[in-house]
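The structure under discussion appears below in the form of structure tokens.
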Amino acid sequence: MEVAVLFAVFIGGLIVGIPVAITLGLSSLAYILLAGIPPVVMPQKMYAGMDVFVLLSIPGFILAGNLMNQGGITTRIIRFANSLVGWIRGGLCLTNISASMLFGGITGTAVADAASIGGVMIPGMKKAGYPADFSAAVTAASSTVGPIIPPSVPMIIVGALSGISVGQMFLAGAVPGILMGLAMMITAYVISVRKGFPRQPWQGAGEVVRSFGGAFWALAMTFLIIYGLLSGLATPTETAVVASVYAFVVGAFIYRELPLRKLPGIIVESAVASAGILALVGFANVFGWILVSERIPQALADAVLSITDNPILVILLINILLLFVGMFMETIAALIILFVPLLSLATAVGIEPLHFATFAVLNLMIGLTTPPVGVCLFVCAGIARLPLAPVVVAIMPFLLTNITVLLLVSYIPALATWLPSLLTP
């Protein structure tokens, strides 16, 4: 009875459009009251979910990304990407995707990527003659690369949940992220050739050098983060703080596009975004605790293992489940609720935890571009001033491309594990 109410309130809340964090909280509270559990358990479990040291890095990375974005990074990265690939047929599509790959190494969040890159590229692509729906679709699809290429907020969450090294998680996402970006660039190029999209004239090697010089300090931030983690000089939380200080110095004193008067607003904006994520973590932890107490994850694992213990089929079933969940649930909530039980299922059939964590995050990133709850779809459709339907149709080739990459990463573990094994003891 209580479990039925839990899921009824949760699904009902999602259907009527209540934010996921609030829906998780309301459904958990309904269960606790019906089950006769003291309500004080709810704040206790919320605090337990948020009281993880590595989660302190999330506000730092969000602040660093906002500082760099306000400090002139977006235009410099787009200029550098355009100097490299703008001369190819459909060059602005390729610039959009490559800029997202570079920008993803700074913000760690797909929505920030979609809003920042999209705010510049979607109007620019429309003006150059690209269809509005295609411009929005390319931007939404490419924004999912951000949380795969390090740093990555979802991977920080996974590290907190599982004990897997955040540094190793960051490294594990590098190759899949690059592969995902390149695959989307190939798809965009093929579509551009078929539809005769425009290209820009080659601007010369001098422009490549000049634009790289302009973007150097922004791009160096990614290497600063990775070096800090791999060298052992800093924890993820300390690295996030250093990245924030670095972002402030670059934006205010090197690029000189970050006025000090904007700093309080950026800090407040970052605090609000961080609070939203941590509240989601807290509510999702309560929901996850209820599921564990009802042995639902164990029942799920037993049900799958009763069908098959073949790793190939188990990976396929996990991917289908996560793709379906990603269509309706926010990424972080889905990770907190499903990651640990699915990790137990994966390790039971011999799948390495780091490998599983990588394709699970990649899978849920794809969910950001699938209706009905694809956040990046809504952001890009809003920038393009279009209803959602034409953007969904236009993004289908990129979704198929990303799912193909997901299957490659799922069934070729070395794509995720090679770089961490090479660069860490």
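The values are calculated or read from the model by the stated rules, or taken from the named source; none is laboratory data. What you see is a predicted model; the values in this text were computed from it and never measured. Virtual Cβ from ideal backbone geometry, glycine too; neighbours counted across all protein chains shown. Note: accessible area is taken over every heavy atom of the protein model, side chains too, but ligands, DNA and RNA are not part of it. Shrake-Rupley method; radii C 1.70, N 1.55, O 1.52, S 1.80 Å.
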- Item | Cα shape, the range 337-399, gyration tensor, a/c 1.5 rule | prolate
- Message: Order 176-185, 302-311, 30-39 from most to least packed using the mean count of other Cβ atoms within 10 Å.
- Response: 176-185, 30-39, 302-311
- Note on the structure: In nanometres, the difference between 0.36 nm per residue of separation and the alpha-carbon distance of Val3 and Glu294 is 104.0 nm
- Note on the structure: Scoring only Lys, Arg, Asp and Glu (+1, +1, -1, -1) among other residues with Cβ under 15 Å from the Cβ of Ile337 yields 0
- Task: Could you check how much of the accessible area of the range 30-130 is carbon and sulfur, as a whole percent, using a 1.4 Å probe?
- Result: 67 percent
- Query: Okay, which of the range 64-103 sit inside 19 Å, backbone N to the point 7 Å along the Cα-Cβ direction of Val209?
  - Reply: 79-85
- About its Cα centre, how strong a charge dipole does the chain have in debye, to the nearest 20, once Lys and Arg get +1 and Asp and Glu get -1 at the Cβ? 1440 debye
- Given the Cα atoms of the range 59-201, and with Rh set as the inverse mean 1/r over their pairs in the Kirkwood sense, what is Rg to Rh to two decimals? 1.00
- Grab the Cα-Cα distance for Leu408 and Thr347, subtract it from 0.36 nm times how many residues apart they are, and report the gain in nm with one decimal. 20.1 nm
- For Ile148, distant residues with modelled amide H under 5 Å away: none
- Task: Tell me the label-point distance for the pair Leu182, Leu305, using the 7 Å Cα-to-Cβ offset, in nm and rounded to one decimal.
- Result: 3.8 nm
- Message: Can you order the peptides 74-83, 396-405, 130-139 by their average number of other Cβ atoms within 10 Å per residue, highest first?
- Response: 130-139, 74-83, 396-405
- Message: Starting from 0.36 nm per residue, how many nanometres of slack lie between Ala30 and Val249 once their C-alpha separation is accounted for?
- Response: 74.0 nm
- So, with points 7 Å from each Cα along the Cβ direction, the Glu269-Ser421 label distance in nm works out to 4.3 nm
- Task: Could you run the Karplus curve 6.51 cos²θ - 1.76 cosθ + 1.60 with θ = phi - 60° over the range 182-190 and give me ³J(HN,Hα) per residue in whole Hz, x for Gly and Pro?
- Result: 5, 5, 5, 5, 5, 4, 5, 5, 4
